[in-house]
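Q: Below is the structure I would like to discuss, written out as structure tokens.
Read-outs throughout are calculated quantities, based only on the coordinates presented, and are distinct from any laboratory measurement. Quantities reported herein were computed from a predicted structural model and do not represent experimental measurements. Using ideal geometry, Cβ is built from the backbone for each residue, glycine included, and neighbour counts are taken over all protein chains shown.
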Amino acid sequence: MPESAPDRFLVVSLGSGPSAERVALPAGLVRAVAPVPALIRLPGAPPAVSGLAALRGGVVPVLDLARLLAPAAAPFPPGRLVLAEIDGPVGLLVGRVSGPTVDPGPARIIDLPAVVAGLRSGRPLGASVAGSAPRADAGAAGPPVALVALTVAGASYALPLDEVEAVASLPAPLAPDDGDGAAFTVGTMALPGPMAFLGTMPWRGRALPLLSLSVLLGRGPAPGTRVAVVGGVGLVAERVGPVLRLPREAIDPVPRALRAGPAAGFARLDDGRTLVCILSARSLLSGQPGTVPVASRAESNRAGSSRATSDLAEPVLALDLAGDAYGLPAGTVHAVTRAPERLVRVPRAPEGLAGMLGTRTGVLPVLDLRRRLGLPPSGGACRRMVVVEAAGLRAGLLVDGAVRLLRPRADAIRTAPGDGRDAAVTRILGLGNRSLPLIDPAILLARPVPDATGRPS
């Protein structure tokens, strides 16, 4: 709705019944009245924050106006969303809306800027994700933001890739807590009590404490099978992965109208139709009752609970291939999906090309990684496809399975022995008593790969 004069008001009800309280909002701050959109939950938000919505090309915080004015108010099914401009767009959930009026009658007049300001913390919000700057103009260039996708209690979240040391499977059974369950200490960090603490698992010569990510996010206990190792702690989720690489303009900071919490920002997927909350593990763990601030990775290293970032190499995605494990630099991986059921065959195709796959963004060449590396052919259909990009080329790699994400030490990687021939395996990662060959995607894709017309490029 167009901006109105400052002495006009929009009268709304704080419920759906005839006895619901009516309040008056300054009409000059109202930009639109719309149906209630789909919302995503914001972890750690105050009760008045109902969630966030993708509106007008960005992320808009949506507040329950009744609980904003009275935190103890009972929630009600909202009927309309009032979009207001209060140092940025803010959505307000109300029951019903009356047209702009000069005389609000008995309705209580609300100072919206003052009320919304009460949600803000003392520090500026909108911190960027993993060191990336908040979104500016759409033409701003920069490296993509790498995230690890998570599924927690059926909902989608993500962690910055540089916060995740490794990904592993949850063992069964877990080692129980040998204390009273009240707390578990790692270095200088005291972890939450028995609700979030699940037990421990062996990890690189020590006991790794495991926390339920669902409980930490306030969603209650939920089953999990995968562990993201972050800052010397294992966060248990239903699924961990794949690695997402998104342009910076697809990342939104935490809206200014909200106070700090475990959210570090929001990723817009599917052309902005889907919002995924990006978590800050540091804030997530530090914000729990009875905890002390989480030490930085360098501080944790001195305390014996983690390794310094400078000692770590780029994360590696481990693959199952022909009965052995291989690795790919995680930074080159765009997605891990099910292997396509059908591919378009290319006549006189280059060695290792399984076919072409039509996608929303164009035609993708798909390579049989076994054939490309000279390994025995698969006895059955490949189960997964890993999409990689290197040296300006993108392709799908058919593999037997994608195992886990590793965060190796730099001194555990050595140059692979070779005779100077074209070999895609250029380095070897030492993992205790075994080795993981590392594939260089740039060399892998250096052989002719067809373009969209089927001709070698």
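Q: Starting from the stretch 341-419, pick out the GluC sites (Glu not before Pro) whose DSSP state is loop and whose Cβ has at most 10 other Cβ atoms within 10 Å.
A: Those that pass, being in a loop and sparsely packed, are E341.
Q: Treating only the Cβ of Lys, Arg, Asp and Glu as charged (+1, +1, -1, -1), what charge dipole size does the stretch 316-444 show about its Cα centre? Round to the nearest 20 debye.
A: Its charge dipole is roughly 280 debye.
Q: Which peptide among 27-33, 206-212, 433-439 comes first, and what is the full order, when sorted by highest mean count of other Cβ atoms within 10 Å?
A: 206-212, 27-33, 433-439
Q: I need the peptides 144-153, 105-114 ranked by packing, meaning the mean over residues of other C-beta atoms within 10 angstrom, with the highest value on top.
A: Descending packing order for the listed peptides: 144-153, 105-114.
Q: Ok, one more. Calculate the FRET efficiency for R41 and R338 from the Cβ-Cβ distance with a Förster distance of 25 Å, rounded to the nearest 0.05.
A: 0.35
Q: With a 10 Å radius around each residue's Cβ, average the other Cβ atoms per peptide and rank 363-370, 278-285, 320-327, 71-78, highest first.
A: Packing order, densest peptide first, comes out as 278-285, 363-370, 320-327, 71-78.
Q: While we're on this one: For the stretch 325-384 and the stretch 54-89, what is the separation of their C-alpha centers, rounded to whole Å?
A: Here the two parts' Cα centres lie 46 Å apart.
Q: According to a simple spin-label model (label point 7 Å from Cα along Cα-to-Cβ), what is the distance in nm between R345 and R31?
A: 5.5
Q: Now a separate question. Once the piece of chain linking A72 and T359 is laid out straight, how much longer is it, given 0.36 nm per residue of separation minus the C-alpha distance between them?
A: The span from A72 to T359 would gain 98.4 nm if fully extended.
Q: Then there is this: Can you work out the Karplus-derived ³J(HN,Hα) for every residue in the stretch 362-367? Use 6.51 cos²θ - 1.76 cosθ + 1.60 with θ = phi - 60°, whole Hz, and x for glycine or proline.
A: x, 9, 10, x, 10, 9
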